[in-house]
1. Pop out the ³J(HN,Hα) list for the stretch 198-208 in order, Karplus 6.51 cos²θ - 1.76 cosθ + 1.60 with θ = phi - 60°, rounded to Hz; leave Gly and Pro as x.
2. Length gain on complete extension for the stretch Phe33 to His62, per 0.36 nm per residue less the alpha carbon to alpha carbon distance?
3. Using 0.36 nm times the number of residues separating Thr163 and Val189, minus their current alpha carbon distance, what extension gain do you get?
4. Just to be sure I understand: if I project the alpha-carbon convex hull of the stretch 1-120 onto a plane and average over all orientations, what area do I get in nm²?
5. With springs only between Cα atoms under 10 Å apart, run a GNM on the chain and tell me which of Ile167, Ile222, Ile89 wobbles the most.
6. In percent, what relative contact order does the chain have, based on Cα pairs under 8 Å that are 6 or more apart in sequence?
7. Quick one: in the stretch 117-224, what % of C-alpha pairs are over 21 Å apart?
8. Compute the FRET efficiency between Ser19 and Glu40 as 1/(1 + (r/R0)^6), taking r as their Cβ-Cβ distance and R0 = 30 Å, and round to the nearest 0.05.
Amino acid sequence: MNLVIDSGNSNTKIGYFDSGSLKDVRIIPNAGFTSDLIPEAEYIVLSSVSSIDFSWLKSKGHLLSIDSSVSLPFKVDYKTPETLGPDRIAGVAGAYLLYPAENCLVINAGTCLTTDFIGSNTIYEGGSISPGINMRFKALNAFTARLPLVDERNPVALTGKSTSEAIKSGVLNGILAEVKGMIDFYRLVYPDCRIIITGGDSFFFDRNLKADIFVVPELVLIGLNFILEYNVSKA
């Protein structure tokens, strides 16, 4: 069994893989995370952008931590690979595994909204980073004196009739327009580009985007397990 850990800004997701298949997933809020929640396993792979100290994890099994030195089955053309988030590279690895030799744009809709592009030539080119839905709502509340904190994922009217509705329209319709625009930009250059959406807010885009997209909720876990098995095979 492979144990796959993706520790994000808010939650830590744990996946259990057997013979390449994802068998179970647990999601643990970072605020309640403790080391006794992690079982022992033969092989463990870790992607972390959180503040959790995982130095103890190597006592649980053979550990592979994702960083810029890890061997990958594709080339990385990124000017600062040491700053590249491990969750981003894992998402690209998942896309490469599921859709080999295709132009793929991976959109990860979580705390941040990221895009990552890997070409049919198997070269990862980079992407973009902007605030996710929650971050946009929180920023409007935190950096103004009177705007309320809103949390909404349902479709909203284009024209808000109240301050709360105007915030919902600005954040939700705005982020939809941003994602649609990015998809359109990439498809101008790569007409056959496959669009893959993952992350906690992926289903919001699945429901509201009128575009040919593939939602793969566990893409990062799938990619992490792929990277782990690739490195084990090379050892």
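1. Here the 3J(HN,Hα) series is 9, x, x, 9, 4, 6, 4, 6, 4, 6, 10 Hz.
2. Gain on stretching Phe33 to His62: 8.3 nm.
3. Difference between extended and current length: 5.5 nm.
4. 7.7
5. Ile167
6. 20
7. 44
8. 0.95
Read the figures in this text as sums done on the coordinates, not as results from a lab. Treat the numbers as computed from the prediction; the structure is a model and nothing was measured. Note that we place each Cβ from the backbone using ideal geometry, even for glycine, and neighbour counts take in every protein chain shown.
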